[in-house]
Amino acid sequence: MRLNGTVFSDILNMDTGITIVTPGKLDRNEEYNIAYLLHGLRGNNRSWLDYSMLSVYANTGNTIYVLPEVGRSFYTDMQYGQSYFTYITEELPQICMSVFNISSDREHTAIMGCSMGGYGALKCAMSKPEQYGMCGAFSSGGVFMKEGLDALRKNGLQKEFLEHFGEQLLNDFKSMFGDSYEYRAECDVIELASRLSEQEIRPKFYITCGTKDYFYYDHVKFCKIMTDIGIDFVHEEWEDSHNHICFNEALRRAIEKFSL
């Protein structure tokens with residue numbers, strides 16, 4: 001079953017897009033896993049449905065997939081804008097559980113995403129390990145947020161920097177972090193990973209990236225940091241670029257790894 005529409009969010013104070021993909025037949029007496037599937041920077045709540053084989057993968061599984069929409073917010077509580085992190089991690093689960101027979105146990109809760117959504121999945125899972133038992137991060141962007149914000153403060157108005165990243169992305173980061181691009185530890189995946197390394201409860205991580213992806217260098221660097229601080233994860237890479245073909249394959253493998 002595929003459902004697409006809007007829900008009203010009290011946190012966002014507006015209607016917001018949402019897509020739900022379920023197994024072919026829902027048994028009202030059965031409790032289902034839930035997987036939050038997060039879109040990338042230029043995507044929306046339909047992206048995973050439109051550009052992957054999600055509906056096929058979901059058909060025979062035991063998982064309900066929830067595809068929210070967050071604009072270009074990087075799943076943050078924005079300085080000038082909506083509180084998307086709070087919406088995703090607090091309000092959205094309540095909405096879903098009020099409609100579907102979904103398990104509230106972390107062992108049956110996954111959060112996954114590609115590109116910006118990979119960053120969002122890591123951020124949510126590391127911030128709330130008691131809530132998410134599984135995390136899939138595919139070709140994640142924004143992992144080194146502190147370095148990125150430092151570069152914006154130093155080079156943000158330079159012509160070469162604007163030409164490389166685009167003025168829209170600079171405006172996105174102003175909306176998230178303010179005019180001075182103020183660093184916030186709760187938005188830094190490296191800082192969150194360091195905090196997580198000191199906790200007993202940790203999600204299972206599945207991390208992928210194509211070897212021709214423009215985030216591949218950051219991906220390798222991130223995996224080394226995760227290893228050095230003692231956080232276990234499953235890592236796979238293959239020859240591909242930053243595209244939906246690669247994301248689809250990562251999704252297929254994650255569903256298999258997590259037995260969704």
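Read the figures in this text as sums done on the coordinates, not as results from a lab. For clarity, every value in this text was computed on a predicted model and none was experimentally measured. Backbone-built Cβ (ideal geometry, glycine too); neighbour counts: all protein chains shown.
Below, the figures for the structure above:
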read-out: Criterion: out of contact with any Ser or Thr (no Cβ under 8 Å at 6 or more places or on another chain), part of a helix (DSSP H, G or I), charged (D, E, K, R) and in contact (Cβ under 8 Å) with a residue 60 or more places away in the chain - qualifying residue of Lys174, Lys146; value: Lys174
read-out: Region 117-143, subset in contact with a Gly (Cβ under 6 Å, 6 or more places away or on another chain) and in a helix (DSSP H, G or I), residue farthest from Asp188 (Cα to Cα); value: Gly117
read-out: Region 1-49: number of residues that are touching a Cys at 6+ places or on another chain (Cβ under 9 Å) and hydroxyl-bearing (Ser, Thr, Tyr); value: 2
